[in-house]
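Quick note: the coordinates plus some simple rules give every number you see, no bench work behind them. Just so it is clear, the structure is predicted and the values come from calculations on it, not from any experiment. No Cβ is skipped: glycine too gets one built from the backbone with ideal geometry, and neighbour counts run over all protein chains shown.
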Amino acid sequence: MSKNIFFEQKGPFLLSKIFNDNNLKKLKIFDIKVLEEATNTDLTFFDSLNYIHPAKSTKASYCLTTDKLKVYLPKNCEPILVKNVLFELCKVTRIFYPTADIDTPDLSLKKPSKSKYSQVRFGENVFIGKQCKIGKNTIIGSNSIIEHNVVIGENCTIGSHVVVKNSIIENNVVIQDGCKIGLKGFGFIPIKEKNLRFPHIGKVLLKENVELGANCTIDRGSIGDTVIGKNSFLDNQVHVAHNLKIGKNCMIAGQVGFAGSSIVGDNVSIGGQAGISGHLKIGNNVKIGGGSGVVKNIPDGTVVMGYPAVPLKEFIRNSKK
């Protein structure tokens, strides 16, 4: 079982203690994982029909879900029925990871050691946290911060005024000035007294040869990870919300905004200032016109435009009316 290297985990806990219910088995739960990654010692959650396929094959022993959705779980996975899955998930995640709901400053930051990073070049006023790994021939510009446990590969270029936390960056990645990578996303549960902050315990994974333009913001995952695939390029001021998965060879123009938990396929092109709603599936080889608003799934090979985004021929036909 892989350890979360970025957040202190307080488990394992007995299932009966987590929910204060002696009717539940006295089984040790080691972590909270998404459906497709959970093992028989993890707790998972299922809150939407969008996730039927991973629900049917999950290996988790227990799953937070609703009475309507429990029928889709396999026999090996016992449902824990609740009214509001995300609210209960938030409470459980805060038990396991009590420090992940707020991004507190990394107080372990120091100027980089020349002996430890002898094959890395640094600008002025760079600070590095504990247990970071930075590959040879990487350059990090002035006034940048690399927080604890971050992994950066070889031949990477990190600009000035960049902050990287809770991230694993592969080889040959370019991150231009002003980017903020691995921060907590916009996650909370609204309740009467105050908003309950949802801990984000995932990470950001930037695959080989990714390029991020200036002032991009890439949020870490909430329970799973945020991933940008090999050779995908993002223009300036692109926002990527928690849990987004972007495939290989994608081209994303400036000021595009992605909501959380969508999946973008390979070879996707998106024009400037387009907006992509959450929990969607954008197929391979899709083209999305600038300024479009995507609120539905898009199949492979489709070209869309407009708000809401529709196939290009339909958009042209409607614009002539």
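Taking just the alpha-carbon atoms of the chain, what radius of gyration and Dmax come out, in angstrom?
Values for the chain (Cα only, Rg and Dmax): 21.0, 69 Å.
Less than 19 Å from a label point 7 Å out along the Cα-to-Cβ axis of residue 142: which backbone N atoms in segment 86-127 qualify, by residue?
111-112, 121-127
Have a look at the DSSP beta bridges in segment 13-96 and tell me what percent are antiparallel, nearest 5.
20
What is the log10 of I(q)/I(0) for segment 69-148, computed with the Debye formula using one identical point scatterer on each Cα and no solvent, at q = 0.15 Å⁻¹?
Rounded to two decimals, the profile gives -0.67.
Of 96, 46, 87, which has the largest mean-square fluctuation in a 10 Å C-alpha GNM of the chain?
87
How charged is the neighbourhood of residue 130? Take every other residue with its Cβ under 15 Å from the Cβ of residue 130, and add Lys/Arg as +1 and Asp/Glu as -1.
Every neighbour counted, the sum reads +2.
Place a point 7 Å from the Cα of residue 103 along the Cα-to-Cβ direction; which residues of segment 184-205 have their backbone N under 15 Å from it?
Output list for this probe position: 184-188, 198-205.
Could you list, bin by bin from short to long, the percent of Cα-Cα pairs of segment 122-273 in 5 Å steps?
Bins of 5 Å from zero give 2, 10, 19, 25, 19, 13, 7, 3, 1, 0, 0 percent of pairs.
Please compute the net charge surrounding residue 66, taking Lys and Arg as +1 and Asp and Glu as -1 over other residues with Cβ under 10 Å from its Cβ.
Charge balance near residue 66 sits at +1.
Return a whole-number percent for the relative contact order of the chain, with Cα pairs under 8 Å and 6 or more residues apart as the contact set.
Computed value for the chain: 8 percent relative contact order.
Return the percentage of antiparallel bridges among DSSP beta bridges fully within the chain, rounded to the nearest 5 %.
Roughly 10 percent of the beta bridges in the chain run antiparallel, per DSSP.
Can you give the percent of C-alpha pairs in segment 13-96 whose distance is more than 22 Å?
Beyond 22 Å sits 14 percent of the P(r) for segment 13-96.
Give a quick list of trypsin sites (Lys or Arg not before Pro) in segment 102-136 that DSSP marks as loop, anything other than H, G, I, E or B, with at most 14 other Cβ atoms within 10 Å.
Passing both the DSSP loop test and the Cβ count: 114, 116, 130, 136.
Excluding residues on the same chain fewer than 8 positions from residue 17, give the lysines whose Cα lies under 18 Å from its Cα.
Answer for residue 17, where 18 Å is the Cα cut-off: 25, 26, 28, 91, listed by chain and number.
Could you pull out the GluC sites (Glu not before Pro) across segment 100-199 that fall in loop regions by DSSP (anything but H, G, I, E, B) with no more than 10 other Cβ atoms inside 10 Å?
124, 193
What does the net charge come to around residue 41 if you take all other residues with beta carbon closer than 14 Å to its beta carbon, with K and R at +1 and D and E at -1?
Here the charged neighbours net out to +2.
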